[in-house]
Amino acid sequence: MPLLHAIGSARNGGAETFFVSLIQELHARNIRQTAVIKKHEGRQSALAAMGVSVRTAPFGGLVDPMTKRIIARTAAQAGADTILTWMSRASWHAPAAGRSGPRVVARVGGFYNVKYYRNCDHIIAIAPQIANHLTAQGWPQDKLSIIPNFCAVDFNVPAVNRESLATPADAPVILALSRLHPVKGLDVLIRAVARLDGVYLWLAGDGDEQAALAALARELGAADRVRFLGWRSDRAGLINAADIIAFPSRREPLGSVVVEAWAGGKPIVASDVDGPAWLIDHGETGLLAPPEDVDALQEQLAALISSPDEARRLAANGRQQAETTYARDRIIDAYERVLVPWSA
């Protein structure tokens, strides 16, 4: 029986990217799927290319009966046995739990209030910290699974041409793949890179903080070495072209960028918070720096730039993690066991 996905976000971000990736992987396993999404031309086109039926809904505020009806009606028409809701808004608008009809399973990738998931029968948390956050609010342990993200990026592509990004071929390049939002700590990263002579920083992502971050780079005299790339679909090419991946978030529930850096064979320096601290074995699969600590972040980045052998060792260890613990097939198997138990 088909699986129905519901997502109420119209932005570009990690969860939204993984939404398409998971559907693609389940599609490859011949699982019939349909989706109800907030209007987004890119996601609609990507799903249509897979032959996945898509309906749009407003996904308005708490009082929005139309979205709930569209989800329920689409599930009934598709004969869906399970509805997978993505983030709190879609979960709030899902059909109520405890009724006849499809099971509702929520994928939770942040530290949200459990009240938004009262319509759900089961929750998939992408990290243990999120699971603990939910159980602390009273969510039953037996209705909870922990399944991290896999890396959906195909690295068998050419590296982005550095010249196309006004970057010298021999310059050390640090890449951050992130929304331009205060919680991502990109201001800390810019301050650290400003102190590293000749080092270039690529910021791949969009968001309201771009003007403030650009002003900071100018203030620090580093604007000529900071590139704002906008939202990019060529993550693999960017990672292949970079020397180090940086992930300086002030708070981060998981951090798929860590797994992407590992899979791409690049060393990563991340903040010692939440998800990155759970993923990374400091000194073995990456380096961790305290959040907000410009000095520590600068030192970690400088250490990798000055010691290519150490950078390669960390990258090799990380790649092994990506290919074992976070292997794509292993993660998809776990999703299948929760979402489509009749196929297990």
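The values are calculated or read from the model by the stated rules, or taken from the named source; none is laboratory data. Only a predicted model underlies this, so the values are computations on that prediction, with no experimental measurement involved. Glycine also receives a Cβ, built like all others from the backbone with ideal geometry; neighbour counts cover every protein chain displayed. These area figures cover heavy atoms from the full protein model, side chains too; ligands, DNA and RNA do not enter into them. Shrake-Rupley method; radii C 1.70, N 1.55, O 1.52, S 1.80 Å.
Over all other residues within a Cβ to Cβ distance under 15 Å of TRP139, the charged ones net out to +2, with Lys and Arg as +1 and Asp and Glu as -1.
Among 220-226, 128-134, 283-289, the peptide with the highest mean count of other Cβ atoms within 10 Å heads the list, and the full ranking is 283-289, 128-134, 220-226.
Seen through its C-alpha gyration tensor, with square-root eigenvalues sorted a ≥ b ≥ c, segment 3-129 comes out rounded because a/c lies under 1.5. Of the residues HIS5, ALA57, SER271, the one whose Cα sits farthest toward the positive end of the charge dipole of the chain, with +1 on the Cβ of Lys and Arg and -1 on the Cβ of Asp and Glu, is ALA57.
In a simple Cβ point-charge model (Lys, Arg +1; Asp, Glu -1; nothing else charged), segment 1-118 has a dipole of about 300 debye relative to its Cα centre.
Give me the percent of the accessible area of segment 225-296 that comes from carbon and sulfur atoms, probe 1.4 Å, all protein chains in place. Intermediate values should be presented prior to the final figure.
Values: 970 of 2190 Å².
Accessible surface attributable to carbon and sulfur in segment 225-296 totals 44 percent.
Relative to the Cα centre, the charge distribution of segment 1-60, modelled as +1 at Lys and Arg Cβ and -1 at Asp and Glu Cβ, gives a dipole magnitude of about 120 debye. Here, segment 14-81 is characterised by an Rg to Rh ratio of 0.97, where Rg is the alpha-carbon radius of gyration and Rh the Kirkwood radius.
Expressed as a whole percent, the accessible area of segment 1-122 that falls on carbon and sulfur atoms is 52 (1.4 Å probe).
For segment 243-301, rounded, prolate or oblate, judged on the Cα gyration tensor with a ≥ b ≥ c (square roots of eigenvalues), a/c < 1.5 rounded, else prolate if a/b > b/c?
Details: a/c = 1.69, a/b = 1.17, b/c = 1.44.
Judged from the Cα gyration tensor, segment 243-301 comes out oblate (a/c at least 1.5, b/c at or above a/b).
With the convex hull of the Cα atoms taken as the outline of the chain, the averaged projected area works out to 17.0 nm². When the chain is treated as a GNM with alpha-carbon contacts under 10 Å, the residue of SER249, SER306, SER100 showing the greatest mean-square fluctuation is SER100. Shown for the chain: lysine pairs separated by 8 or more places, or found on different chains, whose C-alpha atoms are under 30 Å apart, numbering 12.
Express the relative contact order of segment 282-344 as a whole percentage, based on alpha carbon pairs under 8 Å and six or more residues apart in sequence. Rounded, it is 30 percent for segment 282-344. When the chain is described by a simple charge dipole with +1 on each Lys and Arg Cβ and -1 on each Asp and Glu Cβ, the residue from TRP92, MET66, ALA166 located farthest towards its positive end is MET66.
Assuming 0.36 nm per residue, please report the length gained on full extension of the stretch SER164 to ALA212 beyond their Cα-Cα distance.
Working: separation 48, 0.36 × 48 = 17.28 nm, distance 2.44 nm.
Gain on extension, SER164 to ALA212, equals 14.8 nm.
In whole Å, how far is the Cα centre of segment 139-194 from that of segment 227-271? About 2 Å separates the Cα centre of segment 139-194 from the one of segment 227-271.
Comparing ALA236, ALA159, ALA311 in a Gaussian network model of the chain (Cα springs below 10 Å), the most mobile by mean-square fluctuation is ALA159.
Can you show me the helix-derived [θ] at 222 nm for the chain, built from DSSP H runs with n ≥ 4 at -39,500 (n - 2.57) apiece and divided by the number of residues, rounded to the nearest 500.
Details: 13 runs with 134 residues, N = 344.
The helix-only estimate for the chain comes to -11500 deg cm²/dmol at 222 nm.
The label-point distance for ASP333 and LYS115, in a model that sets each label 7 Å from Cα toward Cβ, rounds to 4.1 nm. Taking a Cβ cut-off of under 14 Å around THR285, the surrounding Lys, Arg, Asp and Glu residues balance to a net charge of -2, with basic ones at +1 and acidic ones at -1. Around the Cα centre of the chain, unit charges on the Cβ atoms of Lys, Arg, Asp and Glu (plus for the first two, minus for the last two) sum to a dipole of about 1700 debye.
Per residue, the chain exposes 42 Å² of accessible surface when a 1.4 Å probe is rolled over the protein heavy atoms with every protein chain present.
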